[in-house]
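Undergrad: Below are the structure tokens for one structure; questions will follow.
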Amino acid sequence: MFAGLTIVLCASVALGAVDVAVEFVSPTGSEPPGPMLVVVLLTNLSDVPALVPRLDVVVPNYLGEYVQNIAIGVGASQRFRMRDSWNYAGGRDTLRAWITYPDDTNHTNDTAIVIMSGGGILDWVESEPRTGMRMTLSPSPLAGNILRVEYNLSQAGPATVTFSDIMGRVVVRRGIAGNRRGEISLDLRMLSGEVYLVRLDDGRSAVVQKLVIQR
């Protein structure tokens, strides 16, 4: 089970119309081999209280940990640290965290994946397991100008990649046409250094991922 678990008590628990996002906050960047803290953040993005039945976290060579019945108030977050440090060997590894939440209205942010290499984070990946939707942004964080977007759509056809700032304003939009799987490169030199939300939408399903631009 997780260490340092703090529960926010709510007066009521919503049975629907809720959206809880999963995000790794540690590891965060270039990490040396050795013991490493693994921390997951759950954020209630809806305007009603939320109850998450179960959060699972799995790292390489570890059976994984889980916590159940997590109450999160409106606009609140819960941070969970794995009880034992993960012994990172320094090679390419994948960490996964996901929630069991059948009443969540936005399943595109219910799973978080971090892919690491000896030099640090390779990619943060958001996926929608029910539809096969997947998007990978690299490098992330972005310090240069060119962002690579690798995508997998629910089916072949047109799609759109949209970048929004933290106020919800659309700053970049790019259309995709053709194959179900592919990759595009975007020149983002016009964007300032801040946090953006990147949405891949094919008209049937969508995934949303956070992108940090460093200037």
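The values are calculated or read from the model by the stated rules, or taken from the named source; none is laboratory data. All values reported here derive from a predicted model rather than from experimental measurement. Neighbour counts run over all protein chains shown; Cβ positions are idealised from the backbone, glycine included.
Undergrad: Residues PRO35, PRO49: which one is at pLDDT 80 or above and exposed (fewer than 13 other Cβ atoms within 10 Å of the Cβ)? Steps first, answer last, please.
TA: Values: PRO49 fails: exposed (fewer than 13 other Cβ atoms within 10 Å of the Cβ).
Result of the check over PRO35, PRO49: PRO35.
Undergrad: Here's a follow-up. Consider only pairs whose beta carbons are under 9 Å apart and that are at least six residues apart or on different chains; among these, list those whose first residue lies in segment 134-153 and is surrounded by fewer than 20 Cβ atoms within 10 Å (Cβ to Cβ) and whose second residue is outside any strand (DSSP E or B) and among the charged types (D, E, K, R).
TA: Hits for this filter: ALA143/ARG215; GLY144/ARG189; ASN145/ARG189; ILE146/ARG189; ASN152/ARG180.
Undergrad: Next question, about the same structure. Going by the structure shown, is VAL125 within 30 Å of ALA71 (Cβ to Cβ), modelled with pLDDT under 85 and exposed (fewer than 14 other Cβ atoms within 10 Å of the Cβ)? Reasoning before the result, please.
TA: Values: within 30 Å of ALA71 (Cβ to Cβ): yes; modelled with pLDDT under 85: yes; exposed (fewer than 14 other Cβ atoms within 10 Å of the Cβ): no.
Spelling it out, it is not the case that VAL125 is within 30 Å of ALA71 (Cβ to Cβ), modelled with pLDDT under 85 and exposed (fewer than 14 other Cβ atoms within 10 Å of the Cβ).
Residue by residue, here is whether (1) more than 25 Å from PRO49 (Cα to Cα); (2) in contact with a strand residue (DSSP E or B) (Cβ under 6 Å, 6 or more places away or on another chain); (3) of a type outside the set (Phe, Trp, Tyr) holds:
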residue: LEU63; (1), (2), (3): yes, no, yes
residue: VAL67; (1), (2), (3): no, yes, yes
residue: VAL74; (1), (2), (3): no, no, yes
residue: GLN78; (1), (2), (3): no, yes, yes
residue: ALA97; (1), (2), (3): no, yes, yes
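Undergrad: Among the residues of segment 18-72, which ones are among the small types (Gly, Ala, Ser) and closer than 19 Å to VAL212 by Cα?
TA: ALA21, SER26, GLY29, SER30 - these are the residues of segment 18-72 that are among the small types (Gly, Ala, Ser) and closer than 19 Å to VAL212 by Cα.
Undergrad: Something else: Considering every residue within segment 72-84, establish whether at least one is modelled with pLDDT of 80 or more, touching a Cys at 6+ places or on another chain (Cβ under 7 Å), aliphatic (A, V, I, L, M) and under 30 Å from VAL18 (Cα atoms).
TA: no
Undergrad: Still on this model: Could you list all residues from segment 187-214 that are of a type in the set (Lys, Arg) and modelled with pLDDT of 85 or more? Give the steps one after another, and end with the answer.
TA: Within segment 187-214, the first condition is being of a type in the set (Lys, Arg), and the residues that meet it are 189, 199, 204, 210.
Result: ARG189, single match.
Undergrad: Could you please let me know if VAL67 is more than 21 Å from ALA89 (Cβ to Cβ) and part of a strand (DSSP E or B)? Quick ask: steps written out before the conclusion?
TA: On the way: more than 21 Å from ALA89 (Cβ to Cβ): yes; part of a strand (DSSP E or B): yes.
Against the criterion (more than 21 Å from ALA89 (Cβ to Cβ) and part of a strand (DSSP E or B)), VAL67 qualifies.
Undergrad: If the requirement is being assigned to a strand (DSSP E or B) and at pLDDT below 80, which of these qualifies: ILE166, ILE99, ILE115, ILE184? Lay out the reasoning, then the answer.
TA: Details: ILE166 fails: assigned to a strand (DSSP E or B); ILE99 fails: at pLDDT below 80; ILE184 fails: at pLDDT below 80.
The match here is ILE115.
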